[in-house]
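Trainee: Provided herewith is a single structure, encoded as structure tokens, for subsequent inquiry.
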């Protein structure tokens, strides 16, 4: 059985659905009140001392996190209880039982000053969220060095079919309403399908390593909006540039680069992320 920590989130929900569709036994947690028979209540901010994973659990993936940079900046202690304390405590408990645990991390553990950062590069976070993920990574890597069955997967921006931002842009353009998109905020998008494939590969292989998955190049949100206008035949003049730097966003919100060296996953399992513009267009395709 595979245990998914955080079935409420985009990745956790998609992972659970994929595994169940393939016939794999799955258990999933939520911090909210349990409303479905296959959900287990677990709040990483307050893990009960006597909490134990479901019988038969062989691997787990921690997808739960406070991931919004602004939320972490506003309440760093509250976010740390989930992103750091809870994640480490849960991993320790699972690993002690021989359960392989995959922790999802982020490109935010680096400062974004250079592209295609190697997996073993020195961590250099500038955001609260990035520092918290880096702190957890450091603890987990120490466990890995002692032979614990733990893996880390760093991701950049994940794009799923029906991504609300892109759909809203398309609908506005279709109605002749101008949209504004950041020219100074970049991302290296990854399709959700590739993320799920990478998670499954690492879970099944019990890969005790640090892997990374990002798109091959960064584009600005302005370029993404322009691509949507072009592909759907809308007036490109409706797409106007905006500046994220002028909004006073949380530190780390506008890194110059978000790409990471993703060769390990490609070499090991042929998991390869397509070009950024192809990923943007994929947001308008039905989910597989």
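Trainee: If a residue has to be closer than 16 Å to residue 203 by Cβ and either free of Cβ contacts under 8 Å to residues at least 24 places away in the same chain or out of contact with any helix residue (DSSP H, G or I) (no Cβ under 8 Å at 6 or more places or on another chain) (or both) to count, how many in the stretch 70-100 make the cut?
Mentor: Within the stretch 70-100, the subset closer than 16 Å to residue 203 by Cβ is 90-91, 94-95, 97-100.
Then drop every residue that is not either free of Cβ contacts under 8 Å to residues at least 24 places away in the same chain or out of contact with any helix residue (DSSP H, G or I) (no Cβ under 8 Å at 6 or more places or on another chain) (or both), which leaves 94, 97-99.
Total satisfying the criteria: 4.
Trainee: Among the numbered criteria (1) under 20 Å from the mean Cα position of the chain (by Cα); (2) surrounded by fewer than 19 Cβ atoms within 10 Å (Cβ to Cβ); (3) not in a helix (DSSP H, G or I), which one does residue 61 miss?
Mentor: (2)
Trainee: Taking residue 183 and the conditions (1) crowded, with 19+ Cβ neighbours inside 10 Å; (2) touching a strand residue (DSSP E or B) at 6+ places or on another chain (Cβ under 9 Å), which numbered condition does it fall short on, given that it satisfies the others?
Mentor: (1)
Trainee: Considering every residue within the stretch 215-236, establish whether at least one is surrounded by fewer than 18 Cβ atoms within 10 Å (Cβ to Cβ), farther than 18 Å from residue 284 by Cα, without any contact (Cβ under 8 Å) to a residue 12 or more places away in the chain and over 24 Å from the mean Cα position of the chain (by Cα).
Mentor: Among the residues of the stretch 215-236, at least one is surrounded by fewer than 18 Cβ atoms within 10 Å (Cβ to Cβ), farther than 18 Å from residue 284 by Cα, without any contact (Cβ under 8 Å) to a residue 12 or more places away in the chain and over 24 Å from the mean Cα position of the chain (by Cα), which makes the answer yes.
Trainee: Here's something else I'd like to know. Modelled with pLDDT of 95 or more, touching a strand residue (DSSP E or B) at 6+ places or on another chain (Cβ under 7 Å) and not in a helix (DSSP H, G or I) - does that describe any residue in the stretch 75-87? Before the answer, list the steps.
Mentor: Let us first name the residues in the stretch 75-87 that are modelled with pLDDT of 95 or more, namely 75-87.
If we keep only those that are touching a strand residue (DSSP E or B) at 6+ places or on another chain (Cβ under 7 Å) too, we end up with 87.
Still in the running and not in a helix (DSSP H, G or I): none.
No, every residue in the stretch 75-87 fails to be modelled with pLDDT of 95 or more, touching a strand residue (DSSP E or B) at 6+ places or on another chain (Cβ under 7 Å) and not in a helix (DSSP H, G or I).
Trainee: Consider the stretch 14-31. How many of its residues are surrounded by 17 or more Cβ atoms within 10 Å (Cβ to Cβ) and either free of Cβ contacts under 8 Å to residues at least 40 places away in the same chain or in a loop (DSSP other than H, G, I, E, B) (or both)?
Mentor: To start, the set of residues in the stretch 14-31 that are surrounded by 17 or more Cβ atoms within 10 Å (Cβ to Cβ) comprises 14-16, 18-19, 26-31.
From the residues that got through so far, the ones that are either free of Cβ contacts under 8 Å to residues at least 40 places away in the same chain or in a loop (DSSP other than H, G, I, E, B) (or both) too are 16, 26-31.
Residues that pass the stated criteria total 7.
Trainee: Would you be able to tell me the number of residues in the stretch 1-13 that are touching a strand residue (DSSP E or B) at 6+ places or on another chain (Cβ under 6 Å), free of Cβ contacts under 8 Å to residues at least 60 places away in the same chain and either outside any loop (DSSP other than H, G, I, E, B) or farther than 23 Å from residue 98 by Cα (or both)?
Mentor: Residues that pass the stated criteria total 3.
Trainee: Hey, another quick one. Being out of contact with any strand residue (DSSP E or B) (no Cβ under 9 Å at 6 or more places or on another chain) and closer than 23 Å to residue 133 by Cα narrows it down to one residue among 45, 95; which is it?
Mentor: Values: 95 fails: out of contact with any strand residue (DSSP E or B) (no Cβ under 9 Å at 6 or more places or on another chain).
Selected residue: 45, the only one of 45, 95 that is out of contact with any strand residue (DSSP E or B) (no Cβ under 9 Å at 6 or more places or on another chain) and closer than 23 Å to residue 133 by Cα.
Trainee: Would you pick out the residues in the stretch 252-288 that are surrounded by 20 or more Cβ atoms within 10 Å (Cβ to Cβ), at pLDDT below 95 and assigned to a helix (DSSP H, G or I)?
Mentor: none
Trainee: Would you tally the residues in the stretch 1-20 being touching a helix residue (DSSP H, G or I) at 6+ places or on another chain (Cβ under 9 Å) and closer than 12 Å to residue 61 by Cβ?
Mentor: 11
Trainee: Then there is this: From the list 67, 118, which residue is touching a residue at least 40 places away in the same chain (Cβ under 8 Å), under 25 Å from residue 253 (Cα atoms), surrounded by fewer than 21 Cβ atoms within 10 Å (Cβ to Cβ) and under 16 Å from the mean Cα position of the chain (by Cα)? Talk me through it step by step, then tell me what you get.
Mentor: On the way: 118 fails: under 16 Å from the mean Cα position of the chain (by Cα).
Unique residue meeting the criteria: 67.
Trainee: A further question follows. Inspect the stretch 101-114 for any residue being assigned to a helix (DSSP H, G or I) and within 21 Å of residue 200 (Cα to Cα) and give the result as yes or no. Working first, answer last.
Mentor: Step one: filter the stretch 101-114 for residues assigned to a helix (DSSP H, G or I), giving 107-109.
Now restrict to residues that are within 21 Å of residue 200 (Cα to Cα): 107.
Yes, the stretch 101-114 contains a residue that is assigned to a helix (DSSP H, G or I) and within 21 Å of residue 200 (Cα to Cα).
The values are calculated or read from the model by the stated rules, or taken from the named source; none is laboratory data. Please read these numbers as outputs of a predicted model, since none were measured by experiment. Every residue, glycine as well, gets a Cβ built from its backbone with ideal geometry; the counts of neighbours run over all protein chains shown.
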